[in-house]
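Enquirer: Can you read through this structure? Questions will come right after.
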Amino acid sequence: MAYLAGTMVLSVQAGAPNNGRGEETMSRVKYARIRGRKHPYVSAQAARRWIRETMVERGSVPSPVTRVGKAQGKAQKANTQADPVRYADDDLFGYMRAGAKKDDEATTLRDSPFMLGTLMSVEPVHPTEDFGVMSRGVTEPVLHGHEFYTADLAAPFLIDLPRIGTFTLPGADGVGRPNYLTQEQALQVAEAAALGATTEVFRDQPAVRLPLEERRRRAALLPDALAHLSGGAKQALHYGDRVPALMVLVPFKGGVNPLGNVIDSDPDTGVRVRGDVLSKELEAWAGEWEAPVRIGWRPGFRDQAREDFEKQCARELAEGLIVIDHPRTVLLQLAADLREGKLDDWFDDPAPQGTPS
């Protein structure tokens, strides 16, 4: 396997974890209109920041950020060090560092091996407006307001495991730039860090690759962070748990995610997991995925939906093709398996069909 496809659901209870542009004294939550109805969402940018910051809380060293350009107006830029060999977050989350034209500096960039969609409410929700007054110690009270909501937010994600710790080198025609490092830079930094990077061909491009042990460690940072996830706006007023309430994980040979229709909503009970849809998708993609399908489902979260799902997938559960546990347990076990080398075949692309093994 080479990719880990997944879908996660965050349960927001009277929260405002990601907000848009305010209107005068009113703070608004982000939402999209679907068939004329509001669906609150958390942007992928915000959720990825939560994951990065949780990684730091867990001991990962972040890539330093430098703000460049004018303080206001045009040409505002903020860059990390753009050093994916030294900093795991540059490796996992990607970057683009635009060089200054006047200095003839090169632009370097890296596509993110960790791809995440928008955390969108699975059903329409009308945010509540909360009116507030700041009157403590002042003669003229200050009026303000904000929105909050209760909803289950779902998003797909995909992890390209072979690309973690692997950096393609651009040729003279620019091919390979999406994961750009100069060979001299990469080997020099890796040597200084005693990482022992090597050069090889990756997806038909010359590349620098970190040792497998380091790639294992970096891949494990993502499920470990999700198992401890925290963050979001208005924590003082609307604190809430951000560890996923529900998660589905499927290892795949190719970069597809067949889980798009597995999680939807029921008008009466809210979010549900379509066992019939999952079974048909797994059948359609037979030979392209690896058992078991890992499902994390928090106790007490949509119990009726879980009961219905377990009935629909009774055979797959009995045969061990699908396993269900607490999301934290699933994620921490996955992180441990990655670190301990139990899933090393995930770090290389599968051989093309018809190629001798």
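Enquirer: Ordering ASP152, ASP303, ASP349 by how much accessible area each has at a 1.4 Å probe, largest first, what is the list?
Expert: ASP303, ASP349, ASP152
Enquirer: Mind telling me which of ALA236, ALA227, ALA197 comes out most flexible in a GNM of the chain, alpha-carbon contacts under 10 Å?
Expert: ALA236
Enquirer: How large is the accessible surface of THR168 in square angstrom, using a 1.4 angstrom probe and rounding to the nearest 10?
Expert: About 10 Å², rounded to the nearest 10.
Enquirer: Quote the relative contact order of the chain in percent (integer), defining contacts as alpha-carbon pairs under 8 Å separated by 6+ residues.
Expert: 23
Enquirer: Just in the range 189-285: which chymotrypsin sites (Phe, Trp or Tyr not before Pro) are loop by DSSP and have at most 14 other Cβ atoms within 10 Å?
Expert: TYR239
Enquirer: Right, next: Just to make sure I understand: if all protein chains stay in place, what is the order of HIS126, HIS144, HIS228 by accessible area at 1.4 Å, largest first?
Expert: HIS126, HIS144, HIS228
Enquirer: Moving on to the next point. On the full set of protein chains, 1.4 Å probe, figure out the accessible area of ARG86 and give it in Å² to the nearest 10.
Expert: Spelled out: ARG86, probe radius 1.4 Å, area about 130 Å².
Enquirer: Could you state the accessible area per residue of the chain in Å², with a 1.4 Å probe and every protein chain left in place?
Expert: 51
Enquirer: With a 1.4 Å probe and every protein chain left in place, tell me how much accessible area LYS234 has, in Å² to the nearest 10.
Expert: The value for LYS234 is about 60 Å².
Enquirer: Here's another thing I want to ask about it. Which order do you get for ILE324, ILE295 if you rank them by accessible area with a 1.4 Å probe, largest at the top?
Expert: Final ranking, largest accessible area leading: ILE324, ILE295.
Enquirer: Is the range 245-328 rounded, prolate or oblate when judged by the Cα gyration tensor, a ≥ b ≥ c being the square roots of its eigenvalues, rounded requiring a/c under 1.5 and prolate requiring a/b larger than b/c?
Expert: It comes out prolate by the Cα gyration axes.
Enquirer: When the accessible area of the chain is split by element with a 1.4 Å probe, what percent falls to carbon and sulfur?
Expert: Heavy-atom surface of the chain belonging to carbon and sulfur, 1.4 Å probe: 50 percent.
Enquirer: Once the other residues with Cβ under 15 Å from the Cβ of ALA284 are scored (Lys, Arg +1; Asp, Glu -1), what is the net sum?
Expert: Computed value for this residue: -2.
The values are calculated or read from the model by the stated rules, or taken from the named source; none is laboratory data. Being a predicted model, the structure only gives us computed values, none of them experimental. Neighbour counts run over all protein chains shown; Cβ positions are idealised from the backbone, glycine included. To get the accessible areas, we keep the full protein, side chains included, count just its heavy atoms, and leave off ligands, DNA and RNA. Shrake-Rupley method; radii C 1.70, N 1.55, O 1.52, S 1.80 Å.
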